[in-house]
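Written below as structure tokens is the structure these notes are about.
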Amino acid sequence: MLKQIRPAIVLLLALTAITGLAYPLAMTAIAGTLFPVQAQGSLIEKDGKVVGSSLIGQEFKDDKYFHGRPSATVAPDPNDSTKTVPAPYNAANSGGSNLGPTSKALADRLKDDVDKLKAESPNAAVPVDLVTTSASGLDPDISPEAAQFQVPRVAKARHMSEEQLRQLVTANTQGRLFGLLGEPRVNVLALNLALDQVAAK
């Protein structure tokens, strides 16, 4: 029996050391060398201070900033641990709302959001990504159309020309990966940082 147990224990220890220690350390070292920014979380800094990540959205409520997609993430209610409260872009609790197409709560929220956006720009069609949440609730990007839709509001709040802001949106629009994969997109945090920089001049 010892003949059978001993090789099994040795194999278990060897595989644990290889797959649980050596391999993760090697991959971490390789990633840190080849992709240092991505390996550290794709962090974005302003004046030497980390202000966010290009991979995780943030909530911007002020009219002078571009807004991202709605987020359905939640956090425990501090007053009642059996309930949750909205916590937009909560990376610790990533997920969608799980509300289906027949949900009255979803229909009511969508109607309210569309009405608010139509009040901003009555003559423009509301881009779908400004009223729908992503599956993760953390999407940092919006479509170029969603960014352009918000230009009149931001221009009014900043006392800037719409043309200047439209050029800024275009300059911050990322194309398809390799010209084929995905859709054109605008990172909201990067756009708002560029906006602050232009407004400060």
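The values are calculated or read from the model by the stated rules, or taken from the named source; none is laboratory data. Quantities reported herein were computed from a predicted structural model and do not represent experimental measurements. Glycine gets a Cβ as well: all are built from the backbone with ideal geometry, and neighbour counts include every protein chain shown. The accessibility values were calculated without ligands, DNA or RNA, using every heavy atom of the protein model including side chains. Shrake-Rupley method; radii C 1.70, N 1.55, O 1.52, S 1.80 Å.
Assorted remarks:
- Any hit, region 29-44, residues being loosely packed, with under 10 Cβ neighbours inside 10 Å, out of contact with any strand residue (DSSP E or B) (no Cβ under 7 Å at 6 or more places or on another chain) and closer than 28 Å to Asn192 by Cα: yes
- Scanning region 65-80 for residues that are in contact with a Phe, Trp or Tyr (Cβ under 9 Å, 6 or more places away or on another chain) and either of a type in the set (Val, Ile, Thr) or not in a loop (DSSP other than H, G, I, E, B) (or both) turns up just one, Thr73.
Results for (1) of a type outside the set (D, E, K, R); (2) open to solvent by less than 60 Å² (accessible area, probe 1.4 Å); (3) under 22 Å from the mean Cα position of the chain (by Cα), shown as yes or no for each residue.
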| residue | (1), (2), (3) |
| --- | --- |
| Arg109 | no, no, yes |
| Leu117 | yes, yes, yes |
| Ser121 | yes, yes, no |
| Thr133 | yes, yes, yes |
| Ser136 | yes, yes, yes |
| Asp141 | no, yes, yes |
| Phe149 | yes, yes, yes |
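- Within region 151-183, considering residues that are within 19 Å of Ser121 (Cβ to Cβ), small (Gly, Ala, Ser) and in a helix (DSSP H, G or I), the one most open to solvent (accessible area, probe 1.4 Å): Ala157
- Screening Val50 with (1) under 30 Å from Ala91 (Cβ atoms); (2) at pLDDT 90 or above; (3) open to solvent by less than 90 Å² (accessible area, probe 1.4 Å) gives one miss only, at (2).
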